[in-house]
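One structure below.
No lab work stands behind these numbers, since they all come straight from the coordinates. Quick caveat: nothing in here was measured; it's all calculated off a predicted structure. Note: ideal-geometry Cβ built from the backbone for every residue, glycine included; neighbour counts use all protein chains shown.
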Amino acid sequence: MDRRHFFQSSALVTTGAVVGCATPSTAQQGVKTPFAVPTVTIPIVGSSEQFPVRRVYCIGRNYAAHAREMGSDPTREPPFFFQKPTDAVQYVPQGTVADHRYPTLTKNYHYEAELVAALGKGGRSIPVEKALDLVYGYTLGLDMTRRDLQRAMGEEKKPWEIGKSFDQSAPIGAIHPVGQTGHFTKGAIWLKVNGAIKQNANLNQMIWSVAEQISKLSEAFELFPGDIIYSGTPENVGPVVRGDTIEMHIDGLPNLSVKIV
Ligand code: MN
């Protein structure tokens, strides 16, 4: 049983993501299954269509000051990636404050505000100059993290899974097609908790740009339409508790807000 299926069984009922019937792909047509497994989709701004999520990739330590606060050297080492299960996506309609459930097992639950690129095309070993051609659109997302468990696993040299890849760990806004927003290479990114500014940086401080992230990622994995990439968080990550409200902003996109319940 792979990870995505494992998580799917417990997360379906509670995820805030829009879960709909899959449009059958060529490979699925005519295949009978004993039960239905929904597809995770995210609304597309200005469209009646929804963005089908294939994989959720995340880049680690992509802002120098955040790399330092996590105890590593922010030299330009190759970027590293991890994944969240697709159904960790919690769609948050912008203009609302969605409830976000405090997860089990953690006593140190952290926010990470991130720009998210959503791919409409795929490929392997994409050159940096062509990488942005793969982008369908952008949105903002939270890479929610059980920091205590992430650290504990790291210290034991065990996988991060339980700290990063749990149910609803990826709150995300609607997808804005790139034709409406352009590409994001600079602009403010900030996050407030209960109205107080916590993270405050500029997208131009990324160590690896979105184009470079796509290019590097495509050397390790064949990319496909429906893949989304969380592009890393700036410094000053920190904890939230039940009752807190998180608001995050990226210049050019509507804010995203969740209340921890
Ligand atoms: Mn992150």
- Query: Within region 108-146, what residues put their amide N at less than 18 Å from the label point 7 Å along the Cα-to-Cβ vector of R68?
  - Reply: none
- Task: Write out the chymotrypsin sites (Phe, Trp or Tyr not before Pro) in region 159-261 meeting two conditions: DSSP loop, and at most 15 other Cβ atoms within 10 Å of their Cβ.
- Result: F221
- Task: Would you calculate the separation in nanometres between label points at E49 and D148, each defined as 7 Å from the Cα along the Cα-to-beta-carbon direction?
- Result: 4.5
- Could you sort 107-120, 37-50 so that the peptide with the highest average Cβ count within 10 Å comes first and the rest follow in order? 107-120, 37-50
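Determine the sum of side-chain charges near L217: Lys and Arg each +1, Asp and Glu each -1, restricted to other residues whose C-beta is under 12 angstrom from that of L217.
On the way: positive: R55, R124, K216; negative: E212, E219, E222, D227.
With Lys, Arg at +1 and Asp, Glu at -1, the net is -1.
So if I place +1 on the C-beta of Lys and Arg and -1 on the C-beta of Asp and Glu, and nothing else carries charge, what would the dipole magnitude of region 41-260 be about its Cα centre? I want it in debye, nearest 20. Before the final figure, lay out the partial values.
Working: 23 positive and 24 negative charges, 57 e Å.
Charge dipole of region 41-260: 280 debye, to the nearest 20.
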- Query: Given the C-alpha centroids of region 28-78 and region 153-228, what is the distance between them in whole angstrom?
  - Reply: 8
- Query: Is region 114-261 best put as rounded, prolate or oblate by its Cα gyration tensor, with a ≥ b ≥ c the root eigenvalues, rounded for a/c under 1.5, and otherwise prolate when a/b is larger than b/c, oblate when not?
  - Reply: oblate
- Item | Coil-residue trypsin sites (Lys or Arg not before Pro) of region 174-224, DSSP, other Cβ within 10 Å capped at 14 | K186
- Item | Distance between modelled label sites at F221 and E77, nm, 7 Å Cα→Cβ extension | 2.0
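Applying 1/(1 + (r/R0)^6) with R0 = 22 Å to the Cβ-Cβ distance of L105 and K259, what FRET efficiency is obtained, to the nearest 0.05?
Working: r = 21 Å, r/R0 = 0.93.
E between L105 and K259, to the nearest 0.05, is 0.60.
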- Which FRET efficiency, nearest 0.05, do T185 and Q29 yield, Cβ-Cβ r, R0 30 Å? 0.15
- Task: Return the distance in nm (one decimal) between the two label points of a simple spin-label model at A36 and D133, each offset 7 Å from Cα along Cα→Cβ.
- Result: 3.8
- Message: As a test, work out the antiparallel percent of DSSP beta bridges whose residues both lie in the chain, rounded to the nearest 5.
- Response: 80
- Query: Once you sort the root eigenvalues of the Cα gyration tensor of the chain as a ≥ b ≥ c, which label holds: rounded (a/c under 1.5), prolate (a/b larger than b/c) or oblate (the other case)?
  - Reply: rounded
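Less than 11 Å Cβ to Cβ from N108, Lys/Arg counted +1 and Asp/Glu -1: what total charge do the surrounding residues give?
Values: positive: K107, R146, R147, R151; negative: D148.
That sum, taken over residues with Cβ under 11 Å, equals +3.
In square nanometres, what is the average projected area of the Cα convex hull of region 184-247? Present the calculation step by step, with values, prior to reporting the outcome.
Working: hull surface 23.0 nm².
Projected area, direction-averaged: 5.8 nm².
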